[in-house]
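Asker: Would you mind keeping the following structure in view while I ask a few things?
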Amino acid sequence: MKKLFLTALILGATTLFAQVDKPVEMPYVDYPMVKGDHDEVAQQYCLICHSWGYILNQGKKSRPYWKGTVQKMVNEFKAPISKEDQQTITNYLVKHYGYETTSAH
Amino acid sequence: MKHLNRRHFLGAGLLLGASTLIGKELPAKPIAIPQEYVPPIIAFPEKKPMVAISDRPPLLKSAKGRELFTQPITPNDEFFVRWHLPDIPTFVDLSTFRLEVKGEVHTPLSLSVDDLKSKFEPTEITAVLQCGGNSRKYYKNVGPATHGVQWDHGAMGCAVWKGVRLKDLLEHAGVKESARWVGLNGLEKPAMEETPDFFREMAIAEALEDQILVAYSMNGEDLPYLNGFPLRLVIPGHFADSWVKMLTEITVLDRYQKSFFMDVAYTVPDNDCECVVSGSDFEYKRKPIASMKVKSVIGYPSSDTVIKKGSKVKVAGVAFDQGKGIKEVMISLDGGKSWSAAKLAAENGKYSFRMWTYEWDAKIKGDFSIMARAINRIGNIQPQVDEIGWNAGGYQYNAVDVVNVKIV
């Protein structure tokens with residue numbers, strides 16, 4: 001997955017940037033993702049449109065928050081994630097980036 | 001922080017992340033990540049090393065924290081960065097780059113940056129650029145932490161913008177009778193075609209106001225790539241969301257076009273207080289955020305400043321509003337019991353940071369809570385921390401700023 005993005009980044013760089021004599025080089029940051037509990041599913045989908053920094057920056061969130069956020073990615077932003085994978089990702093997020101609760105927060 | 005810089009500034013290409021907080025050594029406790037993740041500090045093009053909340057799309061803030069707000073103009077290489085979609089060209093070729101003005105106009109225009117510079121009257125304005133979600137993290141003092149990037153005060157800055165009046169462009173193209181809205185779009189694109197574009201709209205009457213610019217220069221230089229090179233919209237007094245970067249399309253419309261980033265993101269409850277009972281989620285009627293709210297931010301000291309008993313502390317910071325002008329900034333050193341006026345620096349136009357200072361004799365050892373509270377010329381005053389109305393998106397936070405310090 002990571003490789004794929006870097007390739008995309010390099011391919012994107014085709015014309016000349018006016019202010020400097022060569023393409024601007026965007027650094028790549030390897031935001032840490034907790035291993036286990038099917039982190040590969042989160043890796044597969046949650047890095048398509050933005051970095052993992054988006055997730056880390058939210059702070060710890062409740063199950064309803066993560067469930068709603070994953071749904072928002074699918075419904076509003078059209079992330080192509082099956083119901084089953086949504087569930088897997090939500091569980092992963094709640095376990096490592098959140099907490100269990102029944103109320104909205 | 002300094003030692004990080006060299007490690008992160010590899011200049012080109014791949015930077016392996018700063019942080020291996022997670023993944024390698026899990027702490028024994030069942031807590032997998034610290035309560036607050038601290039992003040790495042990394043050099044980006046034309047920027048000093050910045051706190052990289054995200055690299056893709058780039059979300060960056062100065063590594064200086066509050067200290068950035070002890071000066072009236074924010075340097076380009078420390079100015080915050082906030083994009084929404086990941087596909088941003090790494091180059092803009094000025095020989096082919098064009099800004100289109102089209103839609104409900106008599107003569108559609110296709111303009112190069114040179115055309116803008118040579119064919120229209122240049123205009124300059126000093127104005128604060130502030131993300132609608134700036135200071136969002138402090139909402140957790142009055143309710144649950146809200147959705148969105150948990151910004152401290154780092155998502156704002158003040159710059160001298162130079163460019164062409166949007167009004168001049170629209171008049172040059174000749175707006176038709178049917179014109180009601182102006183749609184704005186730039187080169188920032190989603191990774192997947194189906195994801196909504198970052199499309200913004202403003203009412204035609206607003207678009208024709210004098211102070212709105214299509215800017216090609218920031219603090220006397222070309223716009224930095226990460227701040228929207230070569231053109232961005234400047235809407236003084238307004239939150240940043242419609243200051244479209246890498247602006248390429250201005251489309252005059254005869255009716256409002258619904259879009260995610262206008263109607264769902266960057267909205268507040270559509271009621272007088274623009275707030276809801278804290279904790280209630282997005283189930284309310286919304287309206288887009290627009291005018292900024294009166295606000296002051298303490299630049300010095302910060303909570304990690306060591307203050308020696310007997311020293312003279314020059315408390316300093318910035319204040320701004322939607323363009324009515326700051327009337328007064330009040331300082332409290334006893335947690336809000338008593339207030340005295342700070343000294344205001346000369347005004348630098350209606351839309352800029354107004355600097356203020358307050359001399360404080362640090363006479364007694366102990367813990368102190370410094371507070372700053374601004375009021376503008378039409379009587380808008382910053383709410384107290386526990387008075388601010390909560391909204392689920394965490395937008396337009398402007399409560400009294402607080403810094404807790406220790407005199408030793």
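Asker: In the stretch B:245-324, if the dipole is taken from +1 on Lys/Arg beta carbons and -1 on Asp/Glu beta carbons about the Cα centre, which of B:250, B:268, B:310 is farthest to the positive end?
Answerer: B:310
Asker: If you don't mind, another one. Taking H as built 1.01 Å from N, whose amide H comes closer than 5 Å to the amide H of residue B:298, not counting residues under 5 places away?
Answerer: none
Asker: Give the cross-link partners of residue A:61 among the lysines, using a straight C-alpha distance below 20 Å as the criterion and excluding same-chain residues fewer than 8 apart.
Answerer: The qualifying lysines are A:35, A:72, A:95, B:29, B:137, B:140.
Asker: First check a/c for the stretch B:150-251, with a ≥ b ≥ c the square roots of the eigenvalues of its C-alpha gyration tensor; if it is under 1.5, answer rounded, and if not, answer prolate when a/b is larger than b/c or oblate otherwise.
Answerer: Numbers: a/c = 1.65, a/b = 1.19, b/c = 1.39.
Taking the square roots of the gyration eigenvalues as a ≥ b ≥ c, the stretch B:150-251 is oblate.
Asker: Testing the spin-label approximation: label points 7 Å from Cα along Cα→Cβ at residue A:91 and residue B:95. State their distance in nm.
Answerer: The answer from the label model is 5.7 nm.
Asker: Calculate, in nm to one decimal, what residue B:381 and residue B:324 gain on full extension: separation in residues at 0.36 nm each, minus their alpha carbon distance.
Answerer: Working: separation 57, 0.36 × 57 = 20.52 nm, distance 1.21 nm.
Once the chain is fully extended between residue B:381 and residue B:324, it gains 19.3 nm.
Asker: Next up: Through the Karplus equation 6.51 cos²θ - 1.76 cosθ + 1.60, θ set to phi - 60°, convert the phi angles of the stretch B:181-197 into ³J(HN,Hα) values in whole Hz; use x for Gly and Pro.
Answerer: 10, 10, x, 10, 9, x, 7, 6, 10, x, 6, 10, 4, 6, 5, x, 6
Asker: For residue B:253, enumerate residues with amide H under 5 Å from its amide H, sequence gap 5+ or separate chain, H modeled in the peptide plane.
Answerer: It is B:104, B:180, B:181, B:182, B:183, by chain and number.
Asker: Provide the per-residue ³J(HN,Hα) series for the stretch B:205-212, in order, calculated from phi with Karplus coefficients 6.51, -1.76, 1.60 and θ = phi - 60°, each as a whole number of Hz, with x at glycine and proline positions.
Answerer: 4, 5, 4, 8, 5, 4, 7, 7
Asker: Cysteines of the protein assembly as shown lacking any other cysteine beta carbon under 4.7 Å?
Answerer: A:46, A:49, B:131, B:158
Asker: Pick out, in residue order, every one of the trypsin sites (Lys or Arg not before Pro) in the stretch B:239-340 that is DSSP loop and has at most 12 other C-beta atoms within 10 Å; say none if there are none. Walk me through the intermediate numbers first.
Answerer: Numbers: sites: B:245, B:255, B:258, B:285, B:286, B:293, B:295, B:308, B:309, B:312, B:314, B:324, B:327, B:337; in loops: B:245, B:255, B:258, B:285, B:293, B:308, B:309, B:324, B:337.
Passing sites in the stretch B:239-340 are B:255, B:258, B:285, B:308, B:309, B:337.
Asker: Work through the residues other than residue B:318 whose Cβ is under 13 Å from its Cβ and net out their charges, Lys, Arg +1 and Asp, Glu -1. If you can, show how the numbers build up before the last one.
Answerer: Working: positive: B:66, B:295, B:354; negative: B:67, B:321, B:347, B:401.
Its environment carries a net charge of -1.
Asker: For the protein assembly as shown, rounded, prolate or oblate, judged on the Cα gyration tensor with a ≥ b ≥ c (square roots of eigenvalues), a/c < 1.5 rounded, else prolate if a/b > b/c? Kindly include the intermediate steps, with their values, before the conclusion.
Answerer: Details: a/c = 1.40, a/b = 1.05, b/c = 1.33.
Here the protein assembly as shown falls in the rounded category.
Asker: If we count every other residue with Cβ under 9 angstrom of residue B:155's Cβ, Lys/Arg +1 and Asp/Glu -1, where does the sum land? Walk me through the intermediate numbers first.
Answerer: Values: positive: B:61, B:82, B:136; negative: B:152.
Net of charged neighbours comes to +2.
Asker: What does the charge add up to near residue B:190, with Lys and Arg as +1, Asp and Glu as -1, over the other residues with Cβ less than 11 Å from its Cβ?
Answerer: On the way: positive: A:78, B:189; negative: B:87, B:188, B:193, B:194, B:197.
Local net charge: -3.
Asker: Charges at C-beta only: +1 for Lys and Arg, -1 for Asp and Glu. How large is the resulting dipole of the protein assembly as shown about its Cα centre, in Debye rounded to 20? Present the calculation step by step, with values, prior to reporting the outcome.
Answerer: Details: 62 positive and 59 negative charges, 341 e Å.
Here the size comes out at about 1640 debye.
Asker: Turning to a different aspect of this structure: Which one, B:82, B:377, B:232, has the greatest fluctuation when you compute a Gaussian network model over chain B with C-alpha springs under 10 angstrom?
Answerer: B:377
Asker: Between residue B:256 and residue B:177, what is the spin-label point distance in nm, taking each point 7 Å from the Cα along the Cα→C-beta axis?
Answerer: 2.4 nm
Asker: Can you give the extra length, in nm with one decimal, that the chain gains between residue B:272 and residue B:194 once fully stretched, where that is 0.36 nm per residue apart less the Cα-Cα distance?
Answerer: On the way: separation 78, 0.36 × 78 = 28.08 nm, distance 3.49 nm.
Contour length minus the Cα-Cα distance gives 24.6 nm.
Asker: Still on this model: Cut-off is 10 Å between beta-carbons; in what order do B:182, A:94 appear when sorted fewest neighbours first? The partial results should precede the final answer.
Answerer: Numbers: B:182 27, A:94 21.
The most exposed by this proxy come first: A:94, B:182.
Asker: Taking 0.36 nm per residue of separation and subtracting the Cα-Cα distance, what length does fully extending residue B:307 through residue B:344 add? Please list the in-between numbers first.
Answerer: Numbers: separation 37, 0.36 × 37 = 13.32 nm, distance 2.34 nm.
Working it through step by step, the gained length comes to 11.0 nm.
Asker: Work out from phi, with θ = phi - 60° and the Karplus expression 6.51 cos²θ - 1.76 cosθ + 1.60, the ³J(HN,Hα) of each residue of the stretch B:96-101, listed in order in whole Hz, and give x for Gly and Pro.
Answerer: For the stretch B:96-101, the Karplus-derived couplings read 10, 4, 9, 9, 9, 10 Hz, x marking Gly and Pro.
Asker: Are there GluC sites (Glu not before Pro) in the stretch B:298-378 that DSSP puts in a loop and that have at most 16 other Cβ atoms within 10 Å, and which ones? Display every interim value, and only then the final one.
Answerer: Working: sites: B:328, B:347, B:359; in loops: B:347.
Taking the stretch B:298-378 and a limit of 16 other Cβ atoms within 10 Å, the loop GluC sites (Glu not before Pro) found are B:347.
Asker: Run the dipole for the stretch B:295-407 about the Cα centre, Lys and Arg Cβ at +1, Asp and Glu Cβ at -1, nothing else charged, and hand back the magnitude in debye, nearest 20. Write down the numbers at each step before the final one.
Answerer: Working: 16 positive and 11 negative charges, 75 e Å.
Dipole size: approximately 360 debye.
Asker: Which cross-chain or sequence-distant (5 or more) residues have an amide H under 5 Å from the amide H of residue B:216, H modelled 1.01 Å from N in plane?
Answerer: Counting only residues 5 or more places away or on other chains, the set is B:162, B:163, B:164.
Rule-based calculations on the coordinates, nothing more; no lab input. Bear in mind that the values here come from a model prediction, so they are computed numbers and not experimental data. FYI the Cβ positions are ideal-geometry reconstructions off the backbone, even for glycines, and counts take in every protein chain you see.
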